[in-house]
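Notes to accompany the following structure.
The values are calculated or read from the model by the stated rules, or taken from the named source; none is laboratory data. Keep in mind that this is a model prediction, so the values were computed, not measured. A quick note on method: Cβ atoms are made from the backbone with ideal geometry, for glycine too, and the neighbour counts reach across all protein chains shown. When the accessible area is computed, the model is the full protein with side chains, heavy atoms only, and any ligands, DNA or RNA have been set aside. Shrake-Rupley method; radii C 1.70, N 1.55, O 1.52, S 1.80 Å.
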Amino acid sequence: MTNFEIKETDLYQELNIFYEGNKIGEAEVRLNDKMLSRLTIFPPYQNKGFGTKVVEYLNNKYQCNCLWVNADNEQAIRVYEKNGYKKIEPTMYLMRR
């Protein structure tokens, strides 16, 4: 295996979110289909408006137009609805073995 090459893709944009020098969360945007694929605001920074502002920023910068959220994650659903997202599918299942 002497002739091989690695091609990197720009499929995901991974982001670290900072406020006043402190890391307050992380996000990931899937660039090919403009999906907000992951957003985490760390617990000490939740319920302070950061999630709403970050989603607004990501929507503007990356033109995000879809995401998945657990149906029972009411806090996240409120944040996304504030940014114009609407529920399309009734649920998302967490499955364990």
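Worth a mention:
- Alpha carbon Rg of region 31-77, scaled by the compact-globule rule 2.2 N^0.38 Å: 1.17
- Equivalent-ellipsoid semi-axes of the chain, from the Cα gyration tensor, Å, largest first: 26, 19, 15
- Sum of side-chain charges, residue 44 neighbourhood, beta-carbon under 15 Å (Lys, Arg +1; Asp, Glu -1): 0
- Spatially proximal aspartates and glutamates relative to residue 48 (Cα-Cα < 20 Å; intrachain offsets below 8 disregarded): 20, 26, 56, 74, 81
- Solvent-accessible area, 1.4 Å probe, carbon plus sulfur percent, for the chain: 48 percent
- Per-pair calculated FRET efficiency, R0 = 22 Å: residue 42 and residue 14 via Cβ, rounded to 0.05: 0.90
- Amide H partners (placed H, <5 Å) of residue 31, local residues excluded: 12, 13
- Derived scalar couplings between HN and Hα for region 68-73 equal 10, 9, 4, 4, 9, 8 Hz in order, rounded to whole Hz, by the Karplus curve 6.51 cos²θ - 1.76 cosθ + 1.60 (θ = phi - 60°), x for Gly and Pro.
- Using alpha-carbon coordinates, inclination of helix 50-62 to the longest axis of the chain, degrees: 40 degrees
- In the full protein context, the chain carries 82 Å² of accessible surface per residue, based on a 1.4 Å probe and ignoring ligands, DNA and RNA.
- Dipole in debye (nearest 20) - the chain, about Cα centre, beta carbon charges: Lys, Arg +1; Asp, Glu -1: 300 debye
- Karplus 3J(HN,Hα) series, Hz, for region 18-23 with 6.51 cos²θ - 1.76 cosθ + 1.60 (x for Gly, Pro): 10, 9, 6, x, 9, 6
- When the helices of the chain are scored as -39500 (n - 2.57) per DSSP H run of n ≥ 4 and the total is divided over every residue, the value at 222 nm lands at -7000 deg cm²/dmol.
- Distances between placed amide hydrogens fall under 5 Å for residue 71 paired with 92, all partners being 5 or more residues away or on another chain.
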